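One structure is given here, and the rest of the page talks about it.
What follows is calculated from the coordinates using simple rules that are stated; it is not laboratory data. A quick note: this is a predicted structure, and the numbers were derived from the prediction, not measured. Note: ideal-geometry Cβ built from the backbone for every residue, glycine included; neighbour counts use all protein chains shown.
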Amino acid sequence: MQLSLHGKSAVIVGAARGIGRAIAEAFAMEGANVALIDRDPEVESTAAEIGTGYAGKNAWAVADVASETSLREAVDRVTASMNSVDHVVFAAGIGSGKFGFPFTNLEPGDWRKVLDVNLMGAVHTAHAFAPRLIQSATADPLHGATFQILVSVAGQIGSQTDPPYSAAKAAQINFMQCLAKDLAPHGVRANAISPGMVKTALNESVWAAGQASLPESEQQSYEDWATEKIRKISPLGRWQEPAEFGAVSVFLASPHARNITGQVINVDGGQVMHS
């Protein structure tokens, strides 16, 4: 299948590691020019390893998405040599770092940073890129432009493991639907990709927070905990791999998905099923 992304430009926010990096790699493999933004300075080496940027440069910038000023400065840097911005993927995210069952295990103050990064980070990114995406879609209506948000099954099921994270992801989904409606008349599509169980630093932090709340005799290794959880919640009974999200992301960016907008695409082994 030809995805027609060669020569297009994509900006991945939260691209230094994990799923964000896999999405950046997928766009690069399709011949797109890729710019990377992350708060982790590792984004520079990731950009060098992927080896693609606009006009043959490794386009990258360090930014805190919770700060609108920081993000806009990064956007200005990575887009300075771009003729257009065709696709944007918001893949940044954090959890509270605490075990939230019951929710009273957390303090109200534990919520702010999670909401600032996950929800407001997506809002800041959308505000920074929407005019550029509209311009790109207007110039090339056949291909259009896309905005994608990496969400989570936690945003669809009210996960008690980390209520701030769960609520932030649910808010991201709702915001994505607002974007889809607002941007559709301009030829810009908005969708969300929803992971289930993936071996990432964020996933491991969920395990660590949960184990810290248990007596030592009941604690499990990360592998044992994950294996047991996957067996319980995933009909397919296996991990999801970062590369799988890259494949979905480039498909959503392609003309093959020109009638897909406002949707949550679950890549979760069947964990979330809506009847």
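Between T138 and F103, the simple label model (points 7 Å from Cα in the Cβ direction) yields a spacing of 4.3 nm.
In this label model, Q2 and S67 are separated by 4.5 nm, measuring between points 7 Å along each Cα→Cβ vector. Rounded to the nearest Å, what's the spacing between the alpha carbon centres of the stretch 69-130 and the stretch 197-275? Just the number, please. Cα centres, the stretch 69-130 to the stretch 197-275: 20 Å. For the chain, the longest principal axis of the C-alpha atoms and the axis of helix 222-233 are separated by about 80°. A protection proxy built from the mean count of other Cβ atoms within 10 Å ranks the segments 181-192, 103-114, most packed first, as 181-192, 103-114.
The C-alpha atoms of the chain define a longest principal axis, and helix 163-183 lies at about 20 degrees to it. Rounded to the nearest Hz, the phi-derived 3J(HN,Hα) couplings of the stretch 256-272 under the Karplus curve 6.51 cos²θ - 1.76 cosθ + 1.60 (θ = phi - 60°) are 4, 9, 5, 10, 10, 8, x, 10, 9, 9, 7, 10, 9, x, x, 4, 10, where x marks glycine and proline. Of the trypsin sites (Lys or Arg not before Pro) found in the stretch 226-274, those in coil by DSSP whose Cβ has at most 16 other Cβ atoms within 10 Å are R238, R258.
Taking amide hydrogens as placed 1.01 Å from N in the peptide plane, the amide H of I193 sits under 5 Å from those of I149, L150, V151, I265, each at least 5 positions away in sequence or on another chain. Length, then width, then depth: along the principal axes, the Cα atoms of the stretch 109-155 run 45, 23, 7 Å. Pairing the Cα long axis of helix 201-212 with the longest principal axis of the chain, what angle in degrees results, from 0 to 90 and rounded to the nearest 10? Helix 201-212 and the main axis of the chain meet at about 10 degrees. Here the Kirkwood formula, the inverse mean of 1/r across different C-alpha pairs, assigns the stretch 157-275 a hydrodynamic radius of 16.2 Å.
Residues considered: A226, A66, A92. Largest GNM mean-square fluctuation over the chain, using C-alpha springs under 10 Å, is found at A226.
Once the Cα-Cα distance is subtracted from the 0.36 nm per residue extended length, the E49 to S81 segment shows a gain of 9.5 nm.
Magnitude of the charge dipole for the stretch 212-275, about its Cα centre and with charges confined to Cβ atoms of Lys, Arg (+1) and Asp, Glu (-1), is about 420 debye. Taking the charge dipole of the stretch 50-193 about its Cα centre, with +1 at Lys and Arg Cβ atoms and -1 at Asp and Glu Cβ atoms, the residue from Q160, W111, V88 reaching farthest to the positive side is V88.
Simple rule: put +1 on each Lys or Arg Cβ and -1 on each Asp or Glu Cβ in the stretch 123-275, find the dipole, and look at Q177, G237, W225; the Cα lying farthest toward the positive end is Q177. Partner lysines whose Cα lies under 25 Å from the Cα of K98, excluding those fewer than 8 positions away in the same chain, are identified as K113, K169, K199, K229, K232. The magnitude of the dipole of the chain, with charges of +1 and -1 set on the Cβ of Lys/Arg and Asp/Glu and taken from the Cα centre, is near 700 debye.
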